[in-house]
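These notes are about the structure you will find just below.
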Amino acid sequence: MPKFRLHRIFILSFLLLSVLFFSQSKIIKGKIINAQNGEAMAFVPVYIVSSEGIKNTTTTDFDGFYELRYENQPDSLVVKFDEFVPKSIFFRDYAGDELNVSIAPIPQKKDRTRTKNIDGVVIRKKKKYDNPAWEILEKVVANKPKNNPEKLETYSYENYSRMEISMSNFGKKLEKRKVFKDFRGIMEATKDVSGEDGKPVMPIFISENLSDFYFRKNPLSTAEIIKKTKVEGIGIEDGSMFSQLLTSTFIKYNFYQNYIRILGKDFLSPVNDNFKLLYDYELVDRNEQIDNLGYYRINFRPKRSSDLAFVGTMLIAHGDYALYRTDAKVMPGANLNFINNLRIQQEMNYLSSDESWFPAKTRVFVETAKPGKESVGIFLKYYSSAKNIQVNKPIEATKFDKEITVLDSATEKDEAFWNKNRYDSLTTAEKKMYGMIDQAKKLPSVRTYLDIIDVISNGYYKAGKISIGPYLQTICYNDHEGFRLRAGFRTNQDFSRKWIFGGYLGYGFKDSKLKFGANADYIFSREPWTQAGVSYSHDLGQVAFMYEDFSNRRNNIFDTMKKNGRMKLRRPFWQDTYQAYIQTDIFKSLTQKITFRHFNFDPLFPFSFSEDGINDMHDFRTSEIISETIWRPGRRILQTRNNKQLNLKDNVYNPVVTFRYTRGIKGVLGSDFDYNKFSLNIQQTIPMGIFGRGEYSLTGGIIPDKIPYPLLENHLGNSFAFYNRYAFNTMRFFEFTSNKYASLQYTQNLEGLITNSIPLIKKLNWRNHVTFNYLIGDLNPDFVDATAGNNFMQNSLRNKPFIEFGYGVSNIFRFLRIDFIHRLTHLQPTPFHEAPKKFRVKFSVQIRL
């Protein structure tokens with residue numbers, strides 16, 4: 001046979017054998033999850049073992065996925081990871097090429113006291129210990145300016161994000177209820193959603209977003225364009241709103257910052273500038289190799305377990321000392337309400353062309369606390385991934401015209417689009433979650449529970465195109481009206497997205513009088529938000545609350561108390577109020593509102609006023625034009641289908657400035673007075689690290705023209721048992737009146753700074769705070785002389801400021817707050833009153849994380 005034929009036969013045989021060999025090669029892939037909560041397990045070793053004991057090993061990626069190739073049928077697949085029970089699965093029990101595995105945490109055992117006899121103890125003097133991790137962390141801190149992504153002048157990327165919220169751990173009592181029986185039926189039908197032998201879960205919300213994000217440092221601006229969104233949730237009516245909430249604009253974590261804001265709380269970063277005082281560190285590995293690059297592995301743990309801090313691991317790159325991977329979990333003993341587990345994992349990409357690091361993948365897992373055996377566990381999983389990252393490249397200025405844009409086609413259903421553009425593939429079980437939610441939404445029992453939740457959260461019951469309420473004001477009792485019944489309504493977005501109508505009817509069984517009101521509002525534009533409206537009411541007013549300063553000072557409990565109790569002490573009067581307004585956002589951070597208001601003052605208590613010293617009037621009318629300007633730098637607004645703006649409170653550290661000018665015009669609709677009123681208010685929250693947060697409200701005002709005292713500033717006292725942070729809580733109603741005034745109201749929320757250090761008390765998760773209120777003012781004597789007789793009994797603050805100081809404990813039973821307040825000035829009796837109380841105890845309810 002010719003030689004060249006032998007070569008051809010050899011090559012052909014080799015190719016045939018190769019094809020046969022590779023045709024026998026198979027792939028097994030899947031996802032490793034935490035059996036306790038469904039959390040994806042990143043960087044977990046997974047290997048398959050043959051009957052001969054040969055191993056083939058890999059590690060799960062950031063998203064918990066693994067993939068292994070094999071030729072001959074293996075004997076088993078093994079998953080072994082620290083703090084988790086090792087798991088071995090026989091291949092003969094499974095068919096197919098997808099194998100999802102759930103691993104359970106090793107049960108925590110109580111510490112056992114062990115004793116051992118020793119012959120003696122030898123004490124040797126050692127050199128001062130220097131933690132080897134400190135040298136590395138000092139270089140991490142020193143290199144923050146170079147490695148922090150915030151140093152970049154511009155950047156942009158495509159972002160994919162996904163969030164899942166699910167329920168589990170139903171107690172036996174809850175499972176007897178109709179809604180949970182229905183849930184259980186759906187969960188049993190799709191057991192594989194939880195993974196092999198994992199706890200069954202019931203998804204209640206799933207969302208996916210694909211967007212383009214843009215950042216500019218100077219001037220500081222961000223913009224995000226949502227290209228595609230998919231939202232399925234029980235009780236979700238406005239999917240586009242949730243799509244905006246789950247974007248990079250609102251969910252971003254930067255461990256280079258000293259404090260990381262999560263769920264409205266400030267957590268200590270493990271690379272805080274003062275890391276030596278806050279954390280303990282352990283250098284685990286000086287040269288961990290990943291993709292042929294070296295990293296330092298350092299474990300960290302807070303010095304005080306009750307601090308808002310993390311325990312976990314970080315990988316730090318050799319050379320530039322940049323964070324590569326961070327796995328941070330909140331300490332179980334942290335003074336945090338309703339959260340049992342909170343974990344953040346982040347992986348950075350090195351951009352060699354720009355010599356910079358950028359967050360590429362982030363995962364957040366949150367599990368609600370389970371205070372009782374019969375409580376439902378709620379699990380939240382959030383994942384985001386960035387691609388096509390561009391840094392320090394020019395970005396068109398027009399991109400920043402609007403912070404968030406939802407494209408018209410973004411909400412159109414297109415499963416083929418997601419299958420093609422989704423960054424990581426969903427498992428078969430995860431895809432079933434959408435169907436589970438769709439089934440649950442159709443359950444009548446679920447609809448009933450959603451209605452109850454809506455009433456509790458909003459105060460209104462939605463009945464088709466109208467909402468009935470608010471229910472807190474349905475029944476009241478006071479000494480003038482007796483029992484007061486009230487019924488009200490307002491239209492919702494199902495009635496119209498432009499028009500809003502509302503009204504109420506009330507009746508007092510003691511005074512036998514009807515009270516009523518009606519309003520109509522029209523939304524001209526949502527971008528920028530422009531709205532106008534008119535209203536009329538015939539009802540009782542109270543002089544003590546005529547000018548309650550600024551609308552962002554609302555307190556629902558305090559508002560309800562105003563209609564109850566000893567109304568006569570607060571000087572009630574009949575009033576017919578006609579009002580018209582228009583409001584618009586001049587800029588995103590600047591809102592302007594103009595209001596015309598006319599009302600009559602018909603007092604139900606002795607009252608007289610003389611403008612000329614001769615003629616007394618016992619009632620009056622006034623017409624006012626009110627201009628209110630609100631500046632909220634960094635304000636963020638969501639686009640919603642609802643008929644009201646939704647302002648996010650994620651920028652609480654920026655001040656809110658409100659300027660109000662009121663012009664009273666004599667002769668308009670029978671108005672009796674000409675006057676001017678000026679007021680300014682500044683409110684802000686100041687982060688203070690381990691000392692918590694300071695919150696202040698600074699107010700000043702002047703009324704230069706002579707008017708009756710009901711139109712002056714009657715400083716807000718508080719005779720109720722409930723605490724009001726914007727009132728003077730040891731001051732009586734009408735104790736002081738001013739036409740010139742300035743006040744500072746300050747609260748220092750120390751969180752658990754003191755209580756976390758007290759044995760036994762720290763287990764209660766109480767929090768402590770300090771308050772300080774300061775008021776100065778003056779009352780023109782001519783204004784007092786204009787009030788005839790003894791009807792005016794207020795005092796002036798001309799010679800001495802009013803000061804009160806308080807301290808207290810909050811988070812008692814997770815909702816109760818107690819304030820102990822000392823009055824420091826104006827302690828002597830006045831001509832019309834006995835000596836005021838120097839000390840008061842006030843209660844309030846607040847639910848905070």
Legend entry - Any strands (runs of 3 or more DSSP E) falling wholly within region 293-335 and containing at least 2 residues that are within 13 Å of residue 278 (Cβ to Cβ): 293-302, 310-317
Legend entry - Pair list, Cβ < 8 Å and 6+ apart or interchain, from region 125-149 residues that are closer than 24 Å to residue 359 by Cα and at pLDDT below 90 to residues that are among the hydroxyl-bearing types (Ser, Thr, Tyr) and part of a loop (DSSP other than H, G, I, E, B): 149/256
Inset, instruction - Would you list the strands (runs of 3 or more DSSP E) that sit entirely within region 639-737 and hold 3 or more residues that are in contact with a Gly (Cβ under 7 Å, 6 or more places away or on another chain) and either surrounded by fewer than 20 Cβ atoms within 10 Å (Cβ to Cβ) or at pLDDT below 95 (or both)? - result: 675-687
Legend entry - Output for region 778-834, where each listed residue is of a type in the set (S, T, N, Q), over 21 Å from residue 724 (Cα atoms) and modelled with pLDDT of 85 or more: 780, 828
Legend entry - Whichever residue in region 156-177 is surrounded by fewer than 17 Cβ atoms within 10 Å (Cβ to Cβ) and part of a loop (DSSP other than H, G, I, E, B) and, among such residues, is modelled with the highest pLDDT: 177
Legend entry - Cβ-Cβ under 9 Å pairs, at least 6 apart or on other chains, region 803-819 side assigned by TED's automatic domain parsing to the domain that holds residue 766 and under 18 Å from residue 717 (Cα atoms), far side among the polar types (S, T, N, Q) and not in a strand (DSSP E or B): 803/825; 804/729; 804/730; 804/825; 806/729; 806/730; 819/729
Inset, instruction - Within region 630-643, identify whether any single residue is free of Cβ contacts under 8 Å to residues at least 40 places away in the same chain and out of contact with any Ser or Thr (no Cβ under 7 Å at 6 or more places or on another chain), and answer yes or no. - result: no
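Quick grid of which residues meet (1) modelled with pLDDT under 75; (2) of a type in the set (Lys, Arg):
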{"residue": "221", "(1), (2)": "no, no"}
{"residue": "230", "(1), (2)": "no, yes"}
{"residue": "235", "(1), (2)": "yes, no"}
{"residue": "239", "(1), (2)": "yes, no"}
{"residue": "244", "(1), (2)": "yes, no"}
{"residue": "251", "(1), (2)": "yes, no"}
{"residue": "254", "(1), (2)": "no, no"}
{"residue": "260", "(1), (2)": "no, no"}
{"residue": "271", "(1), (2)": "no, no"}
Legend entry - region 586-603, residues that are among the polar types (S, T, N, Q) and in a strand (DSSP E or B): 591, 592, 595, 600
Inset, instruction - Give the number of residues within region 336-357 that are under 17 Å from residue 262 (Cβ atoms) and either in a strand (DSSP E or B) or without any contact (Cβ under 8 Å) to a residue 24 or more places away in the chain (or both). - result: 8
Legend entry - Among residues of region 477-533, those that are part of a strand (DSSP E or B) and out of contact with any helix residue (DSSP H, G or I) (no Cβ under 6 Å at 6 or more places or on another chain), counted: 39
Inset, instruction - Can you confirm whether region 679-697 contains a residue that is in contact with a helix residue (DSSP H, G or I) (Cβ under 8 Å, 6 or more places away or on another chain) and either free of Cβ contacts under 8 Å to residues at least 40 places away in the same chain or closer than 30 Å to residue 404 by Cα (or both)? - result: yes
Legend entry - Top-ranked residue of region 1-54 - restricted to ones that are loosely packed, with under 10 Cβ neighbours inside 10 Å and at pLDDT 70 or above, ranked as nearest to residue 346 (Cα to Cα): 53
Inset, instruction - Please specify each residue of region 698-718 satisfying the condition of being of a type in the set (D, E, K, R) and out of contact with any helix residue (DSSP H, G or I) (no Cβ under 7 Å at 6 or more places or on another chain). - result: 705, 713
Legend entry - Enumeration of residues in region 474-502 that are in contact with a Ser or Thr (Cβ under 8 Å, 6 or more places away or on another chain) and at pLDDT 90 or above: 476, 485, 486, 487, 489, 490, 491, 499, 500, 501, 502
Legend entry - Selection status of residue 308, aliphatic (A, V, I, L, M), surrounded by 15 or more Cβ atoms within 10 Å (Cβ to Cβ), in contact with a Lys or Arg (Cβ under 7 Å, 6 or more places away or on another chain) and without any contact (Cβ under 8 Å) to a residue 60 or more places away in the chain: no
Inset, instruction - Go through the residues of region 740-751 one by one and say whether even a single one is assigned to a strand (DSSP E or B), small (Gly, Ala, Ser) and within 30 Å of residue 615 (Cα to Cα). - result: no
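The values are calculated or read from the model by the stated rules, or taken from the named source; none is laboratory data. Every value quoted in this text rests on a predicted model; they were computed, and no experiment measured them. Positions of Cβ are generated from backbone atoms using ideal geometry, with glycine treated the same way; all protein chains shown enter the neighbour counts.
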